[in-house]
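Input: a single structure, listed below in structure tokens.
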Amino acid sequence: MISFGPTEEQDMVREAMRDFAEQAVRPIARDCDEASEIPADFLQSVWDLGLTSTQIPESYGGGGEERSAVTNAMVLEELAVGDATLAAAATAPSGFANAILDHGSEEQKKALLPLFCTEKFHAASLAIIEPGPIFDASRPRTVAEPKDDAFVLSGAKTLVPLGDQASHFLVTARNGEALDAFVVPRDAAGLTISEPELNLGLKGLTTVGLELERVELPHDARLGGDAGSDVGRILDASRIALSALMLGVSRAVLEYCVPYAKDRVAFDEPIAKKQAIAFRLSDMHIEQQAMRLMVWKAASHLEKGQEILRAAHLTRSYCAEKSLWVTDNGIQTLGGHGFIREHPVEMWFRNARTLGVLEGVTAV
Amino acid sequence: MIDFTLSERDRAQLERTRAAALICRKYARYHDENEGDFPPDELPEAAEFYANQTPLPDASDDDTAPPVMMALQSIGQFWGDYSVRLKRTGGGGLGNAALSAAGTPEQQEKWQHLVLSMAITEPGCGSDPSRVSTTAVLDGDEWVLNGEKIFVTTGIRAEGVVLWATIDKSAGRAGIKSFLVEKGTPGFEVPHKEKKLGIRADDTACYVFKDCRIPRENLLGLDETIPKKSSGGFRGVMKTFNMTRPMTAAMGLGLAKAALDFTRDELEKAGVELEYGSALGAQSAVAERFMRLEALYEASELTTLQCTWMAGQGLPNNMESSVCKAHAGSAVRAITQGCVELLGPMGISREHLLEKWMRDCRITDIYEGTGEIQRLIIARGLFDYTRADLK
């Protein structure tokens, strides 16, 4: 049955997250951007909401609540209205944990999921992206060679979120013809973790590069064990999450521009009364609504176990294009003020541009 | 619960729509090239088609709500052709949507089996319907109608019309009401059919009303009062758009989908691979461009379905109806024009239907309120502005 009606619980979650974003996220967003750092107590405060742990089954130490990709997408949207950088950082552990939960072997779940069920914020990260142009997540250059009862990983990753503190990385690699993912502990021999990278946007989110020089991993480090895993689905879940973040940034711009346009007077009237501005803001509204429905649809397919490759791809591509358009035009709506760091719009523009090229990071 | 799964019955219904659409498509080119020759009310294939139909699965709680199915079926139908129908049944005109949105139960009962057109535009007023100058004057138990209407969609074939007229010019927008008028009523004339860029087989007509008398109970919704606050009553009239706008969006989307499906097939035949999930660098420019058009379609269809879903739930959907209409208006232009470019010579050849779909769907961003009007409405909603605040 086609339905666009959120459940009562989803409405409650959205409202709670909206309040949290307004009170706890937005106020520190600019400082985090300027300092290229997120305070540890912020990550802990989101952790305390239980976004990661409550969705892990009780048998692994979690809250055992039902996991809904649609609800998670709503959470990401609301948090990202506050700030996408903080939203991405705070939920990055879910990217790793959900991949283990959905695709890990029983041993992997038993070993790794309890890490996310303690009271203290725990970081582990997806390591998908590779340096250099023309990177394709479905064809990584990092390779895994089977060797006796082990795998040897060679290659390089970049833009690995929370790489400064992650205990484990889920590294994608080519294993012959197959696309596989491997659990690589931080202290693995042959793994070099770079200093924090310097990026255009999401500046508060620490990302690192990984150098894998013949990193030897036990046989059971392969996600899903002998059966392997559907890495494409992990990528798709992350693309839906990134889309939700891009949607949130777009909504932040719209919600900032509306009162600004009503307030700002030019030629004796608010600029909102001029069609050139009014139509632009209408288009922002149209696009953020379209983005949201695409995110909902892809997330709904994901949570029902249906095919999502095409939906996730189209959603990501649409949200990347439109969030960039919205944020770019947010700057134009504010004119010179859009260019000044006193207003957040230039930051949102940088964040949208950055989100649009990422893979991995978090998941719904 | 947010869900996008079609039930067995939904799917069977849409398959039926598609099968009929495929038959209609065979006649599409002929009726485009022969503008004066209307498609027949029933195609030769109709009898056999209906005789061989397998029954639909039983209705269940998993079925999609009727207004959403209406939009999906409309997409499926227009995917075949804009104008040709296997068999024309009652309803189906824009006026029918207005009737179902604003008519009393008695009016719906009496009029729903007729094809109803909707007459708003006049030679002197288009996007600003508050300038409507056709008049309705109460004389005893009858309304007397006088005025001229143009661009009336399905105006020739329609059996009746939902007509916009003012009952008090001095009241401005508040004085505008909708009236149900049956063809053949003395004083209701149809002088000619318009010649157009696209949707040529569709009969877009001009109507003239000269002392045309109709019963008092033909006032749609039966509310004869003129609200004091100037926008109140007019809003009642505008409410009829909240179902017609998503339906016109759906019609355009059907054509855009046809263009995408045709283009996808031709690209695949030519060896272009569409690799979803692959990065920009791994795609050909043609594949990448095509997938962007697909994304645009998906986004547009969702805004339309959401709007109809809200209508079905009885939720106010004024903003959403403008959002989906504006989105589809732009999207179907970009999609069909983009497909023509992607297929090049094949795109412009009249051997294929693609160039026709591009012409046909150009109307989507114009009728039932231009894209500009939709954006005005959306902006007023965003800013909490009145019509006077933002013109």
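Brief remarks on what is shown
- Complete set of residues in region B:197-214 that are surrounded by 16 or more Cβ atoms within 10 Å (Cβ to Cβ) and assigned to a loop (DSSP other than H, G, I, E, B): B:GLY198, B:ILE199, B:ARG200, B:ALA201, B:ASP202, B:ASP203, B:THR204
- The residues listed here are A:ALA266, A:ALA299, A:ALA276; of these, the one that is in contact (Cβ under 8 Å) with a residue 12 or more places away in the chain and either among the aliphatic types (A, V, I, L, M) or within 12 Å of chain B (Cβ to nearest Cβ) (or both) is A:ALA299.
- Region A:235-263 - residue that is under 30 Å from A:ALA89 (Cβ atoms), of a type in the set (A, V, I, L, M, F, W, C) and within 9 Å of another protein chain (Cβ to nearest Cβ) and, of those, surrounded by the fewest Cβ atoms within 10 Å (Cβ to Cβ): A:VAL258
- Note on region A:107-147: residues that are in contact with a Ser or Thr (Cβ under 6 Å, 6 or more places away or on another chain) and without any contact (Cβ under 8 Å) to a residue 12 or more places away in the chain total 1.
- Any hit, region A:141-154, residues being in a strand (DSSP E or B), away from chain B (no Cβ under 14 Å) and at positive phi: no
- If the condition is being in contact with a helix residue (DSSP H, G or I) (Cβ under 9 Å, 6 or more places away or on another chain) and among the polar types (S, T, N, Q), then region B:135-158 contributes B:THR135, B:THR153, B:THR154.
- Test: residue in region B:373-381 that is without any contact (Cβ under 8 Å) to a residue 40 or more places away in the chain, within 14 Å of another protein chain (Cβ to nearest Cβ) and either of a type in the set (Ser, Thr, Tyr) or closer than 30 Å to B:VAL84 by Cβ (or both): no
- Tally of residues being closer than 22 Å to A:GLU66 by Cβ and either surrounded by 15 or more Cβ atoms within 10 Å (Cβ to Cβ) or more than 14 Å from chain B (Cβ to nearest Cβ) (or both) across region A:6-40: 10
- The set of residues from region B:154-196 being in contact with a strand residue (DSSP E or B) (Cβ under 6 Å, 6 or more places away or on another chain), modelled with pLDDT under 95, not hydrophobic (A, V, I, L, M, F, W, C) and not in a strand (DSSP E or B) comprises B:THR154, B:GLY155, B:GLY175.
Each row is one residue, and each column tells you yes or no for (1) out of contact with any Asp or Glu (no Cβ under 7 Å at 6 or more places or on another chain); (2) under 24 Å from B:TYR30 (Cα atoms); (3) crowded, with 21+ Cβ neighbours inside 10 Å.
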| residue | (1), (2), (3) |
| --- | --- |
| B:MET310 | no, no, yes |
| B:ALA326 | yes, no, yes |
| B:HIS352 | yes, yes, no |
| B:ILE377 | yes, no, yes |
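- Single residue of region A:284-296 satisfying the filter (more than 8 Å from every other protein chain (Cβ to nearest Cβ) and touching a residue at least 60 places away in the same chain (Cβ under 8 Å)) that is nearest to A:ILE234 (Cα to Cα): A:VAL295
- Residue match in region B:363-370 (condition: aliphatic (A, V, I, L, M), over 10 Å from B:GLY329 (Cβ atoms), more than 9 Å from chain A (Cβ to nearest Cβ) and touching a residue at least 12 places away in the same chain (Cβ under 8 Å)): no
- Qualifying residue in region A:177-187 (condition: within 14 Å of chain B (Cβ to nearest Cβ) and in a loop (DSSP other than H, G, I, E, B)): no
- Residue among B:LEU145, B:LEU99 that alone is over 16 Å from B:VAL208 (Cα atoms) and buried (at least 19 other Cβ atoms within 10 Å of the Cβ): B:LEU99
- Residue in region B:163-173 that is surrounded by 16 or more Cβ atoms within 10 Å (Cβ to Cβ), under 18 Å from the mean Cα position of the chain (by Cα) and assigned by TED's automatic domain parsing to the domain that holds B:VAL208 present: yes
- Residue check, A:PRO131 in contact with a strand residue (DSSP E or B) (Cβ under 6 Å, 6 or more places away or on another chain), more than 21 Å from A:LEU217 (Cβ to Cβ), part of a loop (DSSP other than H, G, I, E, B) and not assigned by TED's automatic domain parsing to the domain that holds A:THR54: yes
- Residues that are farther than 30 Å from B:GLY347 by Cβ and of a type in the set (A, V, I, L, M) within region B:308-336 comprise B:MET310, B:ALA311, B:LEU315, B:MET319, listed in sequence order.
- Look at (1) of a type in the set (A, V, I, L, M); (2) farther than 21 Å from A:SER94 by Cα; (3) free of Cβ contacts under 8 Å to residues at least 60 places away in the same chain; (4) touching a helix residue (DSSP H, G or I) at 6+ places or on another chain (Cβ under 9 Å) and you find that A:ALA150 fails only one, number (3).
- Wholly enclosed helices (runs of 4 or more DSSP H) of region A:33-119 bearing at least 2 residues β-branched (Val, Ile, Thr): A:69-82, A:84-103
- Residue satisfying all of: in region B:275-315; closer than 21 Å to A:SER238 by Cβ and among the polar types (S, T, N, Q); nearest to the other protein chains (Cβ to nearest Cβ) among these: B:SER278
- Residue check, B:CYS361 touching a Pro at 6+ places or on another chain (Cβ under 7 Å), outside the structural domain of B:PRO129 (by TED's automatic domain parsing) and either assigned to a helix (DSSP H, G or I) or farther than 30 Å from A:ASP230 by Cβ (or both): no
- Filter result for B:THR244 (within 14 Å of chain A (Cβ to nearest Cβ), in contact (Cβ under 8 Å) with a residue 60 or more places away in the chain and not small (Gly, Ala, Ser)): no
- Test result for A:SER317, in the same structural domain as A:ARG264 (by TED's automatic domain parsing), within 24 Å of B:ASP3 (Cα to Cα) and touching a strand residue (DSSP E or B) at 6+ places or on another chain (Cβ under 7 Å): no
The values are calculated or read from the model by the stated rules, or taken from the named source; none is laboratory data. Since we're looking at a predicted model, the values are computed, not measured. Methodologically, a virtual Cβ is constructed for each residue, glycine included, from the backbone with ideal geometry; neighbour enumeration extends over all protein chains shown.
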